[in-house]
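Visitor: Pasting a structure here, questions to come.
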Amino acid sequence: MADTTLADDPMGRNRAPIGTVDVAVIGGGVVGCATARAFALLGARVVLLEKSTDILAGASKGNSALLHTGFDAPPGSLELRLMQLGYRAYLAIRGPLNLPLLETGAMVVAWTDADLQRLETIAQQAIGNGVQNVEWLSPAQALAREPELCSQLRGALLVPGEHVIDAWSAPLAYLTQAIAHGAQVLRQCEVQRGTFDGQMWWLDTARGSVQARYVVNCAGLYGDLIEQRCLGKATFEIRPRKGQFVVFDKPAARLVRTTILPVPNERTKGVVIARTIYGNVLVGPTAEDQLDRTRATVDETALRDLVMQAGRMIPALAQIPVNAIYAGLRPASEQKDYRVHCDRQRHWVTLGGIRSTGLTAALGLATHAVELLLASSWQLPTPPATIWTPVPNLAEHLPRDWQRAGYGEIVCYCELVTRREIEAAFQSPLPPGDFSGLRRRTRAAMGRCQSFYCGARLAELTQGRLASALATPIRSE
Ligand SMILES: Cc1cc2nc3c(=O)[nH]c(=O)nc-3n(C[C@H](O)[C@H](O)[C@H](O)COP(=O)(O)OP(=O)(O)OC[C@H]3O[C@@H](n4cnc5c(N)ncnc54)[C@H](O)[C@@H]3O)c2cc1C
């Protein structure tokens, strides 16, 4: 089969020739990044196609960053199985990829008698789901562990395995490792249409035509639309569910050691109080259904309510200023479970409807996609030796770059981001394609001044470089 050449990019700067690939992954959210990694590690030729100027432009940019055990997931669901597979995989690879883990554990707190009853069921569900080490805490035991909790609580269930991770470094690490194994990444590359000729997929994208033997649809909030565009009809329907968050300033972190969860209901896990990997405390998310797939706006009423709820659970939080607010959209669908759809005849897998646990499940979903496609008689050569590509640490509880000599200059004083870190982001195999991407790679402009002080310097340092990062085709040599 002849090689495919991508057309000039929308700015007319770049020709990015790619050969025919084994797998085209549509979407650079956490699921797409993990999927690209899984196939690349096996020796497949992979291209990841992302419509935005950087990866993590959809649901994966704004979540709670919790690594879930699956204790409250629907028993027997695909979500439970893949979340637990993803959880174990994250722990197994986080060392060599330099990915952090803030071992907080979580407490599901009952505030009423009704909560307490429901918590009994959740404890049994946890054990049934294989999370055996849950522990009942009396109010006194819960308060001994979390002295700032409101003393009105009726009891709590401790889930020691629920932890906090870095929601941005993890997918970046997965994709960086995929690139080291030969994967290519094309940003500003929206998939507009696709046809299957019985052997190959021909994908029309904003940057030209891509030919692939197999396609994995990881388009998140657009997963159903991609099926319509390529398969003719969708097997599910995305129903975006917004979650708003409030981020408290860093002194809040000494008020909370354990993630505080409410007793979940059928529809949502409820409002969580959790430390972030960057040293703050977040409260959220809300659960608001909407039709719009793009607008993740915040509103004052919801944010005030979150602050009030936080203050009811941990009264001292009311004294801490709020640093930041944000919202994310969950790619929920008309059903609760993930919407995985495999069409073996057409060499297609959709990893869709990955609603609220995809950060945890991403590595599990990726393995599942590999199993589904390899079962369709696809033979791969012997996998090459694994190349490990550790990413820079951004976690507050681990050594940061500013603590090592020779960093040059502190660019962002709120988050203590050095010039060396900014330069490293631009030198990396996947440089930021936009300013948000730079923030996610370095923490610059994410602190209490929200770029008031560092904005001008960052503009100077990044001038012309974000666009040229996009113009350079990402491929390993
Ligand atoms: C409020 C909230 C809280 C959450 N909390 C947690 C948590 O604590 N723990 C946890 O494990 N999970 C959590 N999640 C869930 C997790 O964030 C999602 O499950 C996950 O991000 C879904 O990732 P994805 O890759 O499927 O989709 P996305 O991140 O949306 O990625 C899809 C990508 O596809 C691209 N795309 C779309 N259409 C096209 C096209 N035509 N061509 C090319 N590219 C395209 C998009 O630009 C996007 O980058 C939370 C989610 C939200 C919103």
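The values are calculated or read from the model by the stated rules, or taken from the named source; none is laboratory data. Predicted, not measured: the structure shown is a model, and the values here were computed from it. Because the Cβ atoms are built from the backbone with ideal geometry, glycine has one as well, and the counts that use them run over all protein chains shown.
Visitor: Scan region 425-441 and tell me whether some residue there is at pLDDT below 95, in contact with a helix residue (DSSP H, G or I) (Cβ under 8 Å, 6 or more places away or on another chain) and closer than 22 Å to Ala65 by Cα.
Guide: No: zero hits.
Visitor: Among the residues in region 328-342, are any over 19 Å from Ala287 (Cβ atoms) and of a type in the set (Lys, Arg)?
Guide: no
Visitor: Moving to a separate point now. Would a scan of region 246-260 turn up a residue that is modelled with pLDDT under 95, surrounded by fewer than 24 Cβ atoms within 10 Å (Cβ to Cβ) and in contact with a strand residue (DSSP E or B) (Cβ under 8 Å, 6 or more places away or on another chain)?
Guide: no
Visitor: Among the numbered criteria (1) crowded, with 17+ Cβ neighbours inside 10 Å; (2) within 30 Å of His181 (Cβ to Cβ); (3) not hydroxyl-bearing (Ser, Thr, Tyr), which one does Gln309 miss?
Guide: (2)
Visitor: Hey, can you tell me all the residues within region 174-227 that are among the basic types (Lys, Arg) and crowded, with 18+ Cβ neighbours inside 10 Å?
Guide: Listed by number, the residues that qualify are Arg187, Arg207, Arg213.
Visitor: What residue, of Gly86, Gly70, is within 11 Å of the ligand (Cβ to nearest atom), touching a residue at least 24 places away in the same chain (Cβ under 8 Å), surrounded by 19 or more Cβ atoms within 10 Å (Cβ to Cβ) and part of a loop (DSSP other than H, G, I, E, B)?
Guide: Within the list Gly86, Gly70, the selection yields Gly70.
Visitor: Continuing with this model, one more query. Of the residues in region 296-327, how many are aliphatic (A, V, I, L, M) and more than 13 Å from Val281 (Cα to Cα)?
Guide: The total comes to 7.
Visitor: Going residue by residue through region 357-377, is there one that turns out to be outside any helix (DSSP H, G or I), within 16 Å of the ligand (Cβ to nearest atom) and in contact with a helix residue (DSSP H, G or I) (Cβ under 9 Å, 6 or more places away or on another chain)?
Guide: yes
Visitor: How about region 24-67: which of its residues are assigned to a helix (DSSP H, G or I), more than 8 Å from the ligand (Cβ to nearest atom) and more than 14 Å from Val185 (Cα to Cα)?
Guide: Ala38, Leu41
Visitor: Give the residue that is nearest to Leu137 (Cα to Cα), with candidates limited to residues of region 261-285 that are modelled with pLDDT of 95 or more and in contact with a helix residue (DSSP H, G or I) (Cβ under 7 Å, 6 or more places away or on another chain).
Guide: Ile273
Visitor: Further question on the same structure: Residue check, His347 against (1) within 13 Å of the ligand (Cβ to nearest atom); (2) surrounded by 18 or more Cβ atoms within 10 Å (Cβ to Cβ), all met but one. Which one?
Guide: Of everything listed in (1) within 13 Å of the ligand (Cβ to nearest atom); (2) surrounded by 18 or more Cβ atoms within 10 Å (Cβ to Cβ), His347 misses just condition (1).
Visitor: Scan region 371-387 and tell me whether some residue there is touching a residue at least 12 places away in the same chain (Cβ under 8 Å), on the phi > 0 side of the Ramachandran plot and crowded, with 17+ Cβ neighbours inside 10 Å.
Guide: Checked region 371-387: no residue is touching a residue at least 12 places away in the same chain (Cβ under 8 Å), on the phi > 0 side of the Ramachandran plot and crowded, with 17+ Cβ neighbours inside 10 Å.
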